[in-house]
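Below: one structure, written as structure tokens.
The values are calculated or read from the model by the stated rules, or taken from the named source; none is laboratory data. Since the structure is predicted, the reported quantities are computational estimates derived from the model, not experimental observations. Don't worry about glycine lacking a Cβ; one is built from the backbone with ideal geometry, like all the others, and counts go over all protein chains shown.
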Amino acid sequence: MMMPDGNMAAEVILDTYGEYLLARLEAKKELGALKEAFQPQQEALRKRLDAQRAMERAVQHALAARDDADMTLDDAVRRFALAILSANHNNRKSPDFVKYFPKGLTAVTLAPLTEELIGVGKILDLLASEPNPALKAFASAIAQAATALKAGMDGYAGADTAAINAANATRAQGLLWRDAYRKIYGELLALYPGDKPFVESFFKKGAKPKKGNGSGDITTPKPPMTKA
């Protein structure tokens, strides 16, 4: 009996190999005990996979929330920069603009998120002592947007960790599933010692594993590329 490829996705293991074996065992009334022995492992792996998928969806929601907060902060900082430029005849070398954006606007808005928050923090520190009330008025919106972005970053990091943990749990359950799958093969050989071809027929033929493959790795989808 050839085991499913060690890198095969959990849903393929479940819906192809597991379901086929269960159906074959169910077709033989005398093998009901073996079906009942394997069924819990099938259900346990499916439960882990469902949890993993839920966590992967949560990652995308958290990523979207984080990116939306980033865009809101970028917009708040951009509005502030435009206000400075408007008051200084669009002169990017004016003292006010250089004071808040010594390396330019995009050095803040296009920076990796952690660096962006550091840059925004410096802007807020300067705004705390800004004598011009028209410019100082931007501090509240910028501060709120920065707080929201930090919360979004934390939320995404937490969701990503949860998804990784869920994938690891699926992988661990997959190992138990494979052990149970092998055990059924051994039980059938004991029941039909003189008919190995018959025993083999209960198991779908899998592709020959490539050298060095693991025992069922399941990976978490990567989020789309962002400036983070």
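In contact with an Asp or Glu (Cβ under 9 Å, 6 or more places away or on another chain), modelled with pLDDT of 95 or more, at negative phi and among the charged types (D, E, K, R): which single residue out of Asp50, Asp74, Asp68, Asp96 fits that description?
Details: Asp50 fails: in contact with an Asp or Glu (Cβ under 9 Å, 6 or more places away or on another chain); Asp68 fails: in contact with an Asp or Glu (Cβ under 9 Å, 6 or more places away or on another chain); Asp96 fails: in contact with an Asp or Glu (Cβ under 9 Å, 6 or more places away or on another chain).
Of Asp50, Asp74, Asp68, Asp96, the one residue that is in contact with an Asp or Glu (Cβ under 9 Å, 6 or more places away or on another chain), modelled with pLDDT of 95 or more, at negative phi and among the charged types (D, E, K, R) is Asp74.
Tally up the residues in region 132-142 that are crowded, with 17+ Cβ neighbours inside 10 Å and of a type in the set (S, T, N, Q), please.
The total comes to 0.
Looking only at residues that are touching a residue at least 24 places away in the same chain (Cβ under 8 Å) and surrounded by fewer than 19 Cβ atoms within 10 Å (Cβ to Cβ) in region 118-131, which one is farthest from Ala69 (Cα to Cα)?
Leu126
When region 93-135 is examined, which residues are found to be in contact with a Phe, Trp or Tyr (Cβ under 8 Å, 6 or more places away or on another chain) and over 17 Å from Thr72 (Cβ atoms)?
Filtering region 93-135 down to residues in contact with a Phe, Trp or Tyr (Cβ under 8 Å, 6 or more places away or on another chain) leaves 100, 107-108, 123, 126-127, 135.
Tyr100, Ala107, Leu126, Leu127, Leu135, listed by residue number.
Please go through region 71-96 and pick out each residue that is without any contact (Cβ under 8 Å) to a residue 24 or more places away in the chain and among the basic types (Lys, Arg).
Residues satisfying the conditions are Arg92, Lys93.
Do we find a residue being aromatic (Phe, Trp, Tyr), assigned to a helix (DSSP H, G or I), over 25 Å from Pro95 (Cβ atoms) and out of contact with any Gly (no Cβ under 6 Å at 6 or more places or on another chain) anywhere in region 181-190?
Initial filter on region 181-190 (aromatic (Phe, Trp, Tyr)): 181, 185.
Right, trim to assigned to a helix (DSSP H, G or I) and you get 181, 185.
Still in the list and also over 25 Å from Pro95 (Cβ atoms): 181, 185.
Still in the running and out of contact with any Gly (no Cβ under 6 Å at 6 or more places or on another chain): 181, 185.
Checking region 181-190: at least one residue is aromatic (Phe, Trp, Tyr), assigned to a helix (DSSP H, G or I), over 25 Å from Pro95 (Cβ atoms) and out of contact with any Gly (no Cβ under 6 Å at 6 or more places or on another chain).
List the helices (runs of 4 or more DSSP H) that sit entirely inside region 1-113 and contain at least 3 residues that are surrounded by 13 or more Cβ atoms within 10 Å (Cβ to Cβ) and among the basic types (Lys, Arg). Lay out the reasoning, then the answer.
Numbers: elements: 19-26, 32-87, 95-100, 106-109.
The qualifying helices (runs of 4 or more DSSP H) are 32-87.
With under 30 Å from Arg171 (Cβ atoms) and either touching a residue at least 24 places away in the same chain (Cβ under 8 Å) or basic (Lys, Arg) (or both) as the only criterion, which of Tyr156, Tyr100 stands out?
On the way: Tyr100 fails: under 30 Å from Arg171 (Cβ atoms).
Exactly one of Tyr156, Tyr100 is under 30 Å from Arg171 (Cβ atoms) and either touching a residue at least 24 places away in the same chain (Cβ under 8 Å) or basic (Lys, Arg) (or both), namely Tyr156.
Of everything in region 58-104, what is in contact with a Ser or Thr (Cβ under 7 Å, 6 or more places away or on another chain) and either under 17 Å from Lys136 (Cβ atoms) or of a type in the set (Asp, Glu) (or both)? Give them in sequence order. Can you show your working first?
Step one: list which residues in region 58-104 are in contact with a Ser or Thr (Cβ under 7 Å, 6 or more places away or on another chain), which gives 67, 74, 77-78, 88.
Correct list: Asp67, Asp74, Val77, Asn88.
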